[in-house]
1. Identify all residues within the stretch B:67-120 that are β-branched (Val, Ile, Thr), away from the ligand (no atom under 16 Å from the Cβ) and at pLDDT 95 or above; write none if there are none.
2. Pick from the stretch B:121-137 the residues that are open to solvent by less than 10 Å² (accessible area, probe 1.4 Å) and polar (S, T, N, Q): which of them is nearest to the ligand (Cβ to nearest atom)?
3. Criterion first (open to solvent by 80 Å² or more (accessible area, probe 1.4 Å), part of a strand (DSSP E or B) and closer than 28 Å to B:LEU133 by Cβ) does B:LEU25 satisfy it?
4. Look at the stretch A:177-186 and say how many of its residues are more than 8 Å from every other protein chain (Cβ to nearest Cβ) and either more than 20 Å from the chain's Cα centre (by Cα) or surrounded by fewer than 21 Cβ atoms within 10 Å (Cβ to Cβ) (or both).
5. Residues B:ARG140, B:ARG175: which one is more than 16 Å from the ligand (Cβ to nearest atom), free of Cβ contacts under 8 Å to residues at least 40 places away in the same chain and open to solvent by 20 Å² or more (accessible area, probe 1.4 Å)?
6. Which pairs turn up if I take residues in the stretch A:242-266 that are within 14 Å of chain B (Cβ to nearest Cβ) and look for partners that are of a type in the set (D, E, K, R) and surrounded by 24 or more Cβ atoms within 10 Å (Cβ to Cβ) with beta carbon separation below 7 Å, at least 6 apart in sequence or on another chain?
7. Quick one: how many residues across the stretch A:153-168 are out of contact with any Pro (no Cβ under 8 Å at 6 or more places or on another chain), open to solvent by 20 Å² or more (accessible area, probe 1.4 Å) and within 21 Å of A:ARG212 (Cβ to Cβ)?
8. Can you tell me which residue among A:GLU16, A:GLU11, A:GLU57 is under 30 Å from B:ILE75 (Cβ atoms), charged (D, E, K, R) and within 12 Å of chain B (Cβ to nearest Cβ)?
Amino acid sequence: MNNRILEEAIEKAAIEAIAKAVIYIPPDVKKALIEAFNNEVSEASRLQIKAILKNIELAEKMKMPLCQDTGIIMYYVRVGYEFPSFKVIEKSLVNAVKIATNTIPLRPNTVHPFTGENPGNNIGRYIPYINIEFIDGDELEFTVVPKGGGSEYVSVLKMPPPGEGVRAIKKAVVDAVLRAGSIPCPPTVVGVGIGGGSDIALHLAKKAACLRKLGSSNPDPVLDKLEKELYEALNELGIGAMGVGGRSTVLAVHIDYAHRHPATLPIGIVFQCWAIRRATARISRDGSFKVFQ
Amino acid sequence: MIYLLKTPLQEGDVRKLKVGDTVYLTGVVVTARDAAHRRFIEYLKEGKSIPIDLRGGAIYHCGPIVKRINNEFKIVVGGPTTSARMELYEADVIKRLGVRLIIGKGGMGSKTAKACREFGAVYTIFTGGAGVLAANTIKRIIKVEWLDLGIPEALWVLEVENFGPLLVTIDTTGRNLTKEIIEGAKRKYKEILKKLEVI
Ligand code: SF4
């Protein structure tokens, strides 16, 4: 297989995936927002969700990014052991961001944390973020997540005494949602990552918030129950869409975990605003590809 | 109540607005976020003139996506940014520049609420993230100033038609909806933790 062909295919697929992600809301998210609208009793909060739904519709019709904060681009890559070339992946994914920034356009968001300099193309040190996992097979698959700043701003890492167990987890989640208030553009998805280590907990939390489909249940019955319990409790806080007061504070709570060291109980909490943007590309070894949500 | 308002706004226009009212605004809106606010204050201190008359005006906390087509700018998407960052400056902007309507997201603090009460201004929120909906009400770009601050930070002077829904969350009576909602949530906090068997 010619590397050049694969390189072009990955780049093209990534540009298409970024465009799809920033313009179209995935069907599971749209469904969840409509449900939130139907279940909302507060007039003010209903009006906010109505505006969100109208905005989604307009973005689709006009083929424009649905929110001006097109975020920092995150790639979650799953590459098959038999995929013909690993060398071309990173380069193509980075290039795609540069091109997409101009053509879609995306807002140039990457700034140097010390000098404030903005390269203008959404590229920078370690950014776009590329997370690679290996899977069986000969295909390359990646999900693009443009992650906005407003919801990232309220992320939390807690390292409670491990003895506090699940009580510490519940409290950390309620505290985080209360503290976040209207900042992360509620209704949000709250991703919770438990265990591993500080970095692993946050990584799992972000994946749970951004990648897992809404309406899916946790395969672990204990966690599934905990998710539902927290979902109900958080929506009793009364924060509502955009913090104007109401039920629709969170669309879901998604929990994932890793085994932990006996001395620590890392709790990572990452928010995803209502503008959940993700699209996946699957590329075959011959360079043909499909982009879907 | 729903109000259709036109700029320039009179003091009476905003004094009648109450927390929970919805406004649709027609006329001129000026975008200003962190850097522009900082410069407002700097210029006021140094006695330099601000390139736009904001008396009776509306400012919008927004860093838009702008496309340049044949040397002409077009606002593609322009939803609100988090207003809390402007809390440091907004009271002075209201007092010294005579702004009557502020549009943002997430709510503002007590300094701004106090200035709203004293000088006759309101703070409203536009749905966070709804950048296409906002851009759709922009008729044209009248002009742009302070472009040296960068596209998202510049002052974009926009002609808008029925820009909204803008929900009043700080009115001229000292009420602040965002604060009330969070205080309400704090009151429910204990009960919720009990239900979750945390305490
Ligand atoms: S929090 Fe989300 S919806 Fe709100 S402005 Fe940021 S990216 Fe857009």
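1. If we filter the stretch B:67-120 for residues that are β-branched (Val, Ile, Thr), which is where we start, we get B:69, B:75-77, B:81-82, B:93-94, B:99, B:102-103, B:112.
With away from the ligand (no atom under 16 Å from the Cβ) added as a condition, the list becomes B:69, B:93-94, B:99, B:102, B:112.
Hits for the stretch B:67-120 are B:VAL93, B:ILE94, B:VAL99, B:ILE102, B:THR112.
2. First, the residues of the stretch B:121-137 that are open to solvent by less than 10 Å² (accessible area, probe 1.4 Å): B:121-132, B:134.
From the residues that got through so far, the ones that are polar (S, T, N, Q) too are B:124, B:127.
Working: B:THR124: 16, B:THR127: 9 Å.
Out of the qualifying residues, it is B:THR127.
3. Numbers: open to solvent by 80 Å² or more (accessible area, probe 1.4 Å): no; part of a strand (DSSP E or B): yes; closer than 28 Å to B:LEU133 by Cβ: yes.
Criteria not met by B:LEU25.
4. Within the stretch A:177-186, the subset more than 8 Å from every other protein chain (Cβ to nearest Cβ) is A:177, A:179-180, A:184, A:186.
Restricting the remaining residues to those that are either more than 20 Å from the chain's Cα centre (by Cα) or surrounded by fewer than 21 Cβ atoms within 10 Å (Cβ to Cβ) (or both) gives A:179.
Within the stretch A:177-186, residues that are more than 8 Å from every other protein chain (Cβ to nearest Cβ) and either more than 20 Å from the chain's Cα centre (by Cα) or surrounded by fewer than 21 Cβ atoms within 10 Å (Cβ to Cβ) (or both) number 1.
5. Values: B:ARG175 fails: free of Cβ contacts under 8 Å to residues at least 40 places away in the same chain.
Testing whether each residue is more than 16 Å from the ligand (Cβ to nearest atom), free of Cβ contacts under 8 Å to residues at least 40 places away in the same chain and open to solvent by 20 Å² or more (accessible area, probe 1.4 Å) leaves just B:ARG140.
6. Pairs found: A:MET242/B:LYS105.
7. 2
8. Working: A:GLU16 fails: within 12 Å of chain B (Cβ to nearest Cβ); A:GLU11 fails: within 12 Å of chain B (Cβ to nearest Cβ).
Result of the check over A:GLU16, A:GLU11, A:GLU57: A:GLU57.
The values are calculated or read from the model by the stated rules, or taken from the named source; none is laboratory data. Just so you know, these numbers come straight off a predicted model, no measurement behind them. No Cβ is skipped: glycine too gets one built from the backbone with ideal geometry, and neighbour counts run over all protein chains shown. In case anyone asks, the SASA skips ligands and DNA or RNA and just uses the protein heavy atoms, side chains included. Shrake-Rupley method; radii C 1.70, N 1.55, O 1.52, S 1.80 Å.
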